[in-house]
Structures are given as C-alpha cells and as structure tokens.
1. What is the sum of charges, Lys and Arg at +1 and Asp and Glu at -1, for the other residues whose Cβ falls under 15 Å from the Cβ of ILE26?
2. What length, rounded to one decimal in nm, is gained on full extension from THR2 through to GLN38, with 0.36 nm per residue of separation minus their alpha-carbon distance?
3. With the alpha-carbon atoms as the only input, what is the per residue convex hull volume for segment 1-58 in Å³?
Amino acid sequence: MTFLEWLQIIFIVLKLCGKISWSWWIVCIPIVAHIVFQIIVGIIKAREEARTLKTLPRSFSEVIDL
C-alpha cells in the first residue's frame, strides 16, 4: 500500500471514531490526490507510447528495406 492509501485509512478511522471533525471532502483528499496522480502518469505514459509508435516501422516491408 502506498503512503496516500495508508493516510486515507487513518483519516477515515479518525473521522469515524470522532477524533477529527473535518468534512468528508477533506478526509477524502488523499484518495483524490492518488487518483489524479495516476491519471497524470497514465497520460504521460500514453504520450510516450504514441511517440514511440511513430518512430517504429509501420510494416514488415519497411523493416526489410532498412
């Protein structure tokens, strides 16, 4: 489990036990941050993959011509 997942569990437990009086939006910030981070990483990986595919030969005949 990542740091943000552990932090999320701790915040939820503290909220349910009544130790913190934060709103649920604040309690859920670690999981939202984790999701946003994963989306950004996915976009970066997809762009790198697209860039790599543009430089590869498109057919077997292009490989033979090289």
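Every number here is computed from the coordinates shown, using simple stated rules; none is lab data. These numbers were taken from a predicted model, which means no experiment stands behind them. Heads up, the Cβs are rebuilt from the backbone with ideal geometry, glycines too, and the neighbour counts pull from every protein chain shown.
1. My count for the surroundings of ILE26 gives +2.
2. This chain segment gains 11.7 nm when fully extended.
3. Hull volume normalised by residue count: 78 Å³.
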